[in-house]
């Protein structure tokens with residue numbers, strides 16, 4: 001019988017995780033369950049960094065970015081011995097089930113727990129928005145809005161100085177942030193890991209921009225555009241490489257901005273708070289109904305669920321129509 005559950009956040013933090021934690025805790029308590037918060041993800045689970053959470057434990061956290069439960073990545077948990085330690089701690093605290101909020105790596109850990117008999121439900125929290133079986137993951141909307149806000153500011157100075165700016169956004173393996181932010185900000189070009197860049201064509205675009213008298217040129221680059229082995233200069237980032245190639249090929253001076261972890265922080269948007277709250281409540285509903293090994297998603301404007309295995313096997317592809325529309329509207 002389900003009496004006591006644990007909740008943890010794992011992997012990279014994402015704005016809206018706190019909203020999900022709040023929803024899990026309060027929905028569970030209202031359903032007659034006890035809730036325990038696990039700090040620092042799977043590492044904290046193995047170490048027994050676990051404490052009781054009450055209704056007031058999650059007060060005033062909706063507007064906060066990051067996660068009050070903290071997060072960490074754990075190589076040890078990937079081992080059988082590490083998972084045995086986690087299971088012992090669950091027994092020590094009499095935890096009957098877990099809610100795991102995180103991304104691909106977090107779900108792989110949740111699947112392993114499900115295999116050894118731990119009831120577990122996953123909630124997708126990742127600014128990359130590349131998790132399968134869900135239209136959106138928690139944090140993506142906030143991150144994309146943060147990028148657009150930064151681009152708006154950079155465009156002001158780019159126009160004033162008539163310069164070409166290369167802006168690097170997060171996305172080691174996925175270009176969802178770059179595509180959405182590029183379309184919403186009117187970028188002249190968007191370069192993502194899913195498609196090999198035509199640097200010759202890009203340089204021609206930049207030259208054509210100047211020839212037509214446009215005051216500036218904004219190029220959005222996902223950080224994973226080039227694998228490290230593709231870089232002629234060791235440890236040269238993707239945006240730096242793009243800027244160098246443009247300057248060497250065209251003679252046009254470029255400026256580089258790497259937004260980095262700025263994209264992870266800040267108050268979550270209304271959309272992220274809403275979907276996180278809906279997903280958190282749905283996770284408890286699934287646990288109470290006896291489900292395990294499932295991920296709560298958000299499809300067609302409402303919560304849904306699918307097997308965790310399916311979610312990590314079916315990475316969400318880039319919307320090619322959005323990418324094409326962004327290219328079309330850039331005016332080239």
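The values are calculated or read from the model by the stated rules, or taken from the named source; none is laboratory data. Values in this document were obtained by computation on a predicted structure and should not be read as measured data. Because the Cβ atoms are built from the backbone with ideal geometry, glycine has one as well, and the counts that use them run over all protein chains shown.
Part of a helix (DSSP H, G or I) and either touching a strand residue (DSSP E or B) at 6+ places or on another chain (Cβ under 8 Å) or in the same structural domain as residue 258 (by TED's automatic domain parsing) (or both): does that describe residue 151? So that I can check it myself, show each step before the final result.
Details: part of a helix (DSSP H, G or I): yes; either touching a strand residue (DSSP E or B) at 6+ places or on another chain (Cβ under 8 Å) or in the same structural domain as residue 258 (by TED's automatic domain parsing) (or both): yes.
Criteria met by residue 151.
Condition check ((1) touching a strand residue (DSSP E or B) at 6+ places or on another chain (Cβ under 9 Å); (2) surrounded by fewer than 20 Cβ atoms within 10 Å (Cβ to Cβ); (3) assigned by TED's automatic domain parsing to the domain that holds residue 98) across all residues:
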position: 258; (1), (2), (3): yes, yes, no
position: 261; (1), (2), (3): no, yes, no
position: 279; (1), (2), (3): yes, no, yes
position: 291; (1), (2), (3): yes, yes, yes
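Select from region 262-273 the residues that are touching a residue at least 12 places away in the same chain (Cβ under 8 Å) and either under 20 Å from residue 124 (Cβ atoms) or part of a loop (DSSP other than H, G, I, E, B) (or both) and list them in ascending order. Before you say what the answer is, go through the steps one by one.
Step one: of region 262-273, the residues touching a residue at least 12 places away in the same chain (Cβ under 8 Å) are 262-269, 271-273.
Residues satisfying the conditions are 263, 264, 265, 266, 267, 268, 269, 271, 272, 273.
Got a sec? Which of 28, 19 is closer than 24 Å to residue 266 by Cα, crowded, with 17+ Cβ neighbours inside 10 Å and at pLDDT 95 or above?
Details: 28 fails: closer than 24 Å to residue 266 by Cα.
Of 28, 19, the one residue that is closer than 24 Å to residue 266 by Cα, crowded, with 17+ Cβ neighbours inside 10 Å and at pLDDT 95 or above is 19.
Do any residues in region 307-320 that are in the same structural domain as residue 107 (by TED's automatic domain parsing) have Cβ atoms under 6 Å from those of residues that are surrounded by fewer than 17 Cβ atoms within 10 Å (Cβ to Cβ) and outside any strand (DSSP E or B), where the two are at least six apart or on different chains, and which pairs are they?
Cβ pairs passing all conditions: none.
Can you name every residue in region 309-332 that is under 17 Å from the mean Cα position of the chain (by Cα) and buried (at least 17 other Cβ atoms within 10 Å of the Cβ)?
If the condition is that a residue be under 17 Å from the mean Cα position of the chain (by Cα) and buried (at least 17 other Cβ atoms within 10 Å of the Cβ), then 311, 312, 316, 318 are the ones that fit.
Of the residues 6, 37, 82, which is assigned to a helix (DSSP H, G or I), more than 21 Å from residue 266 (Cα to Cα) and touching a helix residue (DSSP H, G or I) at 6+ places or on another chain (Cβ under 9 Å)? Don't jump to the end; show me each part of the working.
Values: 6 fails: assigned to a helix (DSSP H, G or I); 37 fails: assigned to a helix (DSSP H, G or I).
It is 82.
Out of all the residues in region 114-133, which are in contact with a strand residue (DSSP E or B) (Cβ under 6 Å, 6 or more places away or on another chain) and crowded, with 24+ Cβ neighbours inside 10 Å?
Residues satisfying the conditions are 120, 121, 122, 123, 125, 131.
Could you count how many residues in region 170-225 are part of a loop (DSSP other than H, G, I, E, B), on the phi < 0 side of the Ramachandran plot and over 23 Å from the mean Cα position of the chain (by Cα)? So that I can check it myself, show each step before the final result.
Kept after step one, since they are part of a loop (DSSP other than H, G, I, E, B), are these residues of region 170-225: 170-175, 186-188, 192-198, 212-216, 223-225.
Subset that is on the phi < 0 side of the Ramachandran plot: 170, 172-175, 187-188, 192-198, 212, 214-216, 223-225.
Now narrow it down to the ones that are over 23 Å from the mean Cα position of the chain (by Cα): 188, 197-198, 212, 214-216.
Residues meeting the conditions: 7.
So residue 91 fits all but one of (1) touching a helix residue (DSSP H, G or I) at 6+ places or on another chain (Cβ under 9 Å); (2) part of a helix (DSSP H, G or I); what number is the exception?
(1)
Would you mind finding the one in 214, 196 that is out of contact with any strand residue (DSSP E or B) (no Cβ under 6 Å at 6 or more places or on another chain), exposed (fewer than 15 other Cβ atoms within 10 Å of the Cβ), within 22 Å of residue 318 (Cα to Cα) and at pLDDT below 95?
Checking each option against the conditions leaves just 196.
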